[in-house]
Amino acid sequence: MLCTTLPSHADILIVGGGPVGALIAQRLAQGGQRVLLAEARRDVPDDPRALALSFASREALAANGLWDAAALAPTAIGRVHISQQGTLGRTGLAADELGLPELGYTVRYAALARHAQRVLQAGPAAISLGTPVLRIRQLPRYAAVTLGTPHGEHTLTCRLVILAEGGKLLGELRDIRQRSKSYEQSAVLAEVTPATPHEGCAYERFADDGPLALLPDGRNFMLVWTQAPAGAADRLALAEADFLAQINARLGRRAPQLVGLGARASWPLALKTVDSVVGQRVALVGNAAQTLHPVAGQGLNLGLRDAVTLAEVIATSPADQLGETAQLARYQRLRSQDANLVTHFTDGLITLFESPNPALKHARSLGLLALDAAAPLRRGFARRMVYGAR
Ligand SMILES: Cc1cc2nc3c(=O)[nH]c(=O)nc-3n(C[C@H](O)[C@H](O)[C@H](O)COP(=O)(O)OP(=O)(O)OC[C@H]3O[C@@H](n4cnc5c(N)ncnc54)[C@H](O)[C@@H]3O)c2cc1C
């Protein structure tokens, strides 16, 4: 519900109403917790991202009313085809190998965030839009948080602050350090039309000059093409036919040829991690806890699992434990394996596939073929991509 007057105290303050903040706000409030969510923006801006969400992420969102096919217009992903340019190496993952109806779905970030905002406004959590958090003071028994409002600053106390704001406020915290590794890469995003129907197949192609992914998105694909920043700028400026010719040359015969081009955009890429996802009276979820390269399409999937775990830890702790060190340590412990595995896997993919060394290229090709030949290994890998490490 929209909050008209800001309180002087909230048990739990969630900062950021993106998909991860929205999920944890809904889960906690539907479980009877007193929650206030502060979101800096009033409206969700247009955003070119199309996100591949796993079947498990859809289930998590649906459990709290945040999945609505009419609002999200999801495109089902039944298969993923993975290959490397210039080699025979390839493998595939399919939903039926896991006994699932789909591996996942492509949804637009803006549709998801707008739907989440509508659901929150009708739900039990108090939400305040257009109120950025400006400062956080961590104290042993509570945190004092200052928000910007149209009428000036407002400070409230809370027993637990959940940062779901993408990590912009980490500099405010005295006991959490963020590490950032620039990949010196940008993602070129473009809507592209295939010559033949995609039939729900997504493609991951490790081209010689950077990985590219095609996510089924309606009748089209959303292209996510990793490039050095100068290369990305050049590609954005290319004429339509030249742009398509460059992509088609990299795809070869591993994916449908592309014949149409819609809007294009680019996005700088970095890996951001923290030395701890909890601090005094603070827990981090989603991109605040880790911001990943989009190569494996895992950032939001991982962030939603942060939200589910933290909500579960809070729901199963005695009320007087809210925001206490022992409760936060439990959340940290429960998330570390999944977060480390996905973060290192994603970062490792970039490092492994960026080397032009022919011996390494051959080894990568053999690795893909080995994965293709070993059904149990492939199923284990696919299960981790859908459910995370459990
Ligand atoms: C090109 C690209 C492609 C991607 N593809 C995929 C994919 O296929 N699959 C996948 O799982 N992930 C993907 N990701 C990652 C995914 O977009 C993020 O992991 C996800 O958006 C993180 O959600 P979040 O809610 O944590 O943060 P955000 O979506 O960043 O939301 C943060 C919210 O906090 C608000 N906020 C910020 N500062 C403040 C403040 N001071 N006070 C109050 N509010 C504040 C913002 O306005 C925003 O609404 C991709 C990312 C990129 C860049």
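Quick notes on this one:
- Number of the condition not met by E39 [criteria: (1) at pLDDT 95 or above; (2) of a type outside the set (A, V, I, L, M, F, W, C); (3) over 21 Å from the mean Cα position of the chain (by Cα)]: (3)
- Listed conditions (1) farther than 18 Å from L72 by Cα; (2) outside any loop (DSSP other than H, G, I, E, B) are all met by G166, apart from (2).
- Options Q84, Q30: the member that is more than 11 Å from the ligand (Cβ to nearest atom), on the phi < 0 side of the Ramachandran plot and outside the structural domain of H293 (by TED's automatic domain parsing): Q84
- Of the residues making up the stretch 64-81, those that are away from the ligand (no atom under 16 Å from the Cβ) and under 22 Å from V308 (Cβ atoms) number 4.
- Residue check, S186 more than 17 Å from A50 (Cβ to Cβ) and assigned to a strand (DSSP E or B): no
- Consider the stretch 104-125 and keep the residues that are of a type in the set (S, T, Y) and assigned to a strand (DSSP E or B). The one that is nearest to the ligand (Cβ to nearest atom) is T106.
- Count of the stretch 275-306 residues, restricted to those that are within 13 Å of the ligand (Cβ to nearest atom), open to solvent by less than 20 Å² (accessible area, probe 1.4 Å), at pLDDT 95 or above and among the β-branched types (V, I, T), is 1.
- Test for L93: is it more than 16 Å from the ligand (Cβ to nearest atom), hydrophobic (A, V, I, L, M, F, W, C) and not assigned by TED's automatic domain parsing to the domain that holds A29: no
- Looking only at the stretch 126-140, and only at residues there that are among the hydrophobic types (A, V, I, L, M, F, W, C) and part of a strand (DSSP E or B), the one that is nearest to the ligand (Cβ to nearest atom): V133
- Total residues in the stretch 307-324, condition among the hydroxyl-bearing types (S, T, Y) and in contact (Cβ under 8 Å) with a residue 12 or more places away in the chain: 2
- Sub-6 Å Cβ pairs linking a first residue in the stretch 122-148 that is farther than 18 Å from L322 by Cα and open to solvent by less than 10 Å² (accessible area, probe 1.4 Å) to a second residue that is basic (K, R) and near the ligand (Cβ under 9 Å from one of its atoms), at least 6 apart or interchain, number zero.
- Residue ID - nearest to A307 (Cα to Cα), chosen from residues in the stretch 143-176 that are among the acidic types (D, E) and within 14 Å of the ligand (Cβ to nearest atom): E165
The values are calculated or read from the model by the stated rules, or taken from the named source; none is laboratory data. Values in this document were obtained by computation on a predicted structure and should not be read as measured data. Here the Cβ is made from the backbone with ideal geometry for all residues, glycine too, and neighbour counts use every protein chain on show. Heads up: the accessible areas ignore ligands, DNA and RNA and are worked out on the full protein's heavy atoms, side chains in. Shrake-Rupley method; radii C 1.70, N 1.55, O 1.52, S 1.80 Å.
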